[in-house]
Each structure stands twice: as structure tokens, then as C-alpha cells.
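The values are calculated or read from the model by the stated rules, or taken from the named source; none is laboratory data. Everything numeric in this text was worked out from a predicted model, so none of it was measured. Cβ coordinates were reconstructed from backbone atoms using ideal geometry, including for glycine residues, and neighbour counts include every protein chain displayed.
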Amino acid sequence: MRQTKNETQHQTLTRLITALDKQQPVTITYIKADGSTTVRTIEIFDVVVSAAGDILLKAMDRETGEARSFRIDSDRLIAYTVHRTAYVVARPAADEPKTRPAHGLATVTVLYPIDCPIAYRVQILADALAA
């Protein structure tokens, strides 16, 4: 289990994007908005940036089968483990209408070549966030 306090946000994001690319589930230890701690196994399907500039993981929760968002900050994401298994939860189709409008979220579309290394993808994402 990797502790986020022992690595930079760049390192954490790189590993989580790699898990997304390989479609490997991730078990996270996370502090919810109410201050309680939870452990969830998730399947990441997108990385977005909120209007406040927070990096969010959009993922399917294996326990409930629901789509959820998790903020990637050292004060929220405490630890994580990337598994070597494959995704098992079906995620919502891109063309389905969302059940709830996403208030207060701004997304950044980042395009990069398919054969682009992970470290370069993270740098492109960081540059897009800074803009």
C-alpha cells in the first residue's frame, strides 16, 4: 500500500493514470467530506479538474456499482494499492445522459498521442491545469 504523504501528487497521479490505462482496479483509503475514513475498491474511468482546480478521479465503486468522484489531495486520499486484476464493473456509456448535473465542475480536455509515455501525459495534464 502506497502512502500519499510519502510521495508527490505527480507520482500519485502518474500511478493512478497508469492503472487507468491498464484498466487495473485501485483500493483507496479515503477521508470523506464528513471526516470519516473509508476504504473502497474503485475502477477509474476518467480524470477531470474541478472549477476550484482540484484533480478528481471519476471511478466506479466495486461495492455499490455506482459512479463516484474522488479528490486527489493528500488531505483526502491517504493511501492506495493498484491491483493486477482487470475491471469487472460496467461503467456508464458515454452517450447516456447524466442523472445529476455536475455543478461547479470544469473539465479540461487533454489530447496526446496514443504511444505517449505516462510521464509525458502527466506533464501535459499539469500544463493544461496551469493554463
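General remarks:
- Tabulated pairs, region 19-36, first of a type in the set (A, V, I, L, M), second assigned to a loop (DSSP other than H, G, I, E, B), C-beta under 9 angstrom, 6+ apart or interchain: A19/P25; A19/H83; V26/H83; I31/D75; I31/R76; A33/R76
- Scanning region 22-62 for residues that are among the basic types (K, R) and in a loop (DSSP other than H, G, I, E, B) gives K32, R62.
- Considering T41, T14, the condition of being modelled with pLDDT of 95 or more, among the hydroxyl-bearing types (S, T, Y) and under 14 Å from the mean Cα position of the chain (by Cα) is satisfied by T41 alone.
- Of all positions in region 90-107, at least one carries a residue that is modelled with pLDDT of 80 or more and either of a type in the set (S, T, Y) or out of contact with any His (no Cβ under 6 Å at 6 or more places or on another chain) (or both).
- Given (1) without any contact (Cβ under 8 Å) to a residue 12 or more places away in the chain; (2) charged (D, E, K, R); (3) in contact with a Phe, Trp or Tyr (Cβ under 8 Å, 6 or more places away or on another chain), number of the condition E43 does not satisfy: (1)
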